[in-house]
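Asks: Shown below is the structure under consideration.
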Amino acid sequence: MKKLFFCKFSKYIYGGFISYSLRLGLTTFLTEILDIWYFVSYIVALSSATLFNFFFNIYITFKVQNKKTKRFMKYLVTVLIFYFLDAAAVRVLTEIVNLHYLFSIFLVTSTLLILKFFTYNKLIFC
């Protein structure tokens, strides 16, 4: 049981690392190269990473390929809640605390990582 949990969590971390890299890369590209406001860039990058995460989790991390539509709908509702928390926290850390937007993204992503894993494991991909 512990081995299965560790295996799932390791895959989740791996997928999260890819997703995080996608978010940072796309946010940086849109903000620094295309001169789009960091917050809009981050929302676009977050949306792209969401699609990647769902398919990575359903096929690789949790390996549950039944009820995809139902799982996706539950995933979207859950993700919207996490997005609100994520985006609000990034904005507060960047504009009120005056941290660099990339560091804010790192802090928020790291904090929400474990909470998301348990939520996905118990509510969506179970």
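Here, each number is a calculation from the coordinates, and none is a lab measurement. Computed from a prediction, not measured in an experiment: that's the story for all the values here. No Cβ is skipped: glycine too gets one built from the backbone with ideal geometry, and neighbour counts run over all protein chains shown.
Asks: Would you be so kind as to identify which of 18, 94, 78 lies farthest towards the positive end of the dipole of the chain, taking Lys and Arg as +1 and Asp and Glu as -1 on Cβ and the Cα centre as origin?
Replies: The listed residue farthest towards the positive side: 78.
Asks: Any idea what angle helix 2-28 forms with the longest principal axis of the chain, computed on alpha-carbon atoms, 0 to 90 degrees, nearest 10?
Replies: Taking the Cα atoms of the chain, the angle to 2-28 is about 30 degrees.
Asks: Taking one equal scatterer on every alpha-carbon of the range 2-124, how large is log10 of I(q)/I(0) by Debye at q = 0.09, 0.21 1/Å?
Replies: Log10 I(q)/I(0), no solvent term: -0.26, -1.21.
Asks: Another one. Output ³J(HN,Hα) for the range 33-43: one whole-Hz value per residue in order, computed from phi by the Karplus curve 6.51 cos²θ - 1.76 cosθ + 1.60 with θ = phi - 60°, and x for Gly and Pro.
Replies: 8, 8, 6, 8, 3, 3, 5, 5, 4, 5, 5
Asks: Here is a further query. Distance between the C-alpha centers of the range 7-24 and the range 39-58? Whole Å please.
Replies: Using only Cα atoms, the two centres lie 12 Å from each other.
Asks: Go ahead and estimate [θ] at 222 nm for the chain from helices alone: -39,500 (n - 2.57) per DSSP H run with n ≥ 4, summed, over the residue count, rounded to 500. It would help to have the intermediate numbers written out before the result.
Replies: Details: 4 runs with 89 residues, N = 126.
For the chain, the value works out to -24500 deg cm²/dmol.
Asks: Using each residue's phi in the range 80-96, evaluate 6.51 cos²θ - 1.76 cosθ + 1.60 at θ = phi - 60° and report the 3J(HN,Hα) Karplus result to the nearest Hz, with x for Gly and Pro.
Replies: Whole-Hz 3J(HN,Hα) from phi for the range 80-96: 4, 5, 5, 4, 4, 4, 4, 5, 5, 5, 4, 5, 4, 5, 7, 8, 9.
Asks: What number, in percent, do you get for the relative contact order of the range 2-124 if the mean sequence gap of Cα pairs under 8 Å and at least 6 apart is divided by its residue count? Numbers along the way, then the final one.
Replies: On the way: 77 pairs, mean separation 29.2, N = 123.
Once divided by the residue count of the range 2-124, the mean separation gives 24 percent.
Asks: Continuing with this model, one more query. What residues from the range 1-21 fall in the zone where the backbone N is under 18 Å from a label point 7 Å along the Cα-to-C-beta line of residue 112?
Replies: Inside the label zone: 12-21.
Asks: Under the Karplus relation 6.51 cos²θ - 1.76 cosθ + 1.60, θ = phi - 60°, what is the ordered set of whole-Hz ³J(HN,Hα) values for the range 57-68, x standing for Gly and Pro?
Replies: My calculation for the range 57-68 gives 5, 6, 9, 10, 5, 9, 6, 10, 10, 9, 6, 4 Hz in order.
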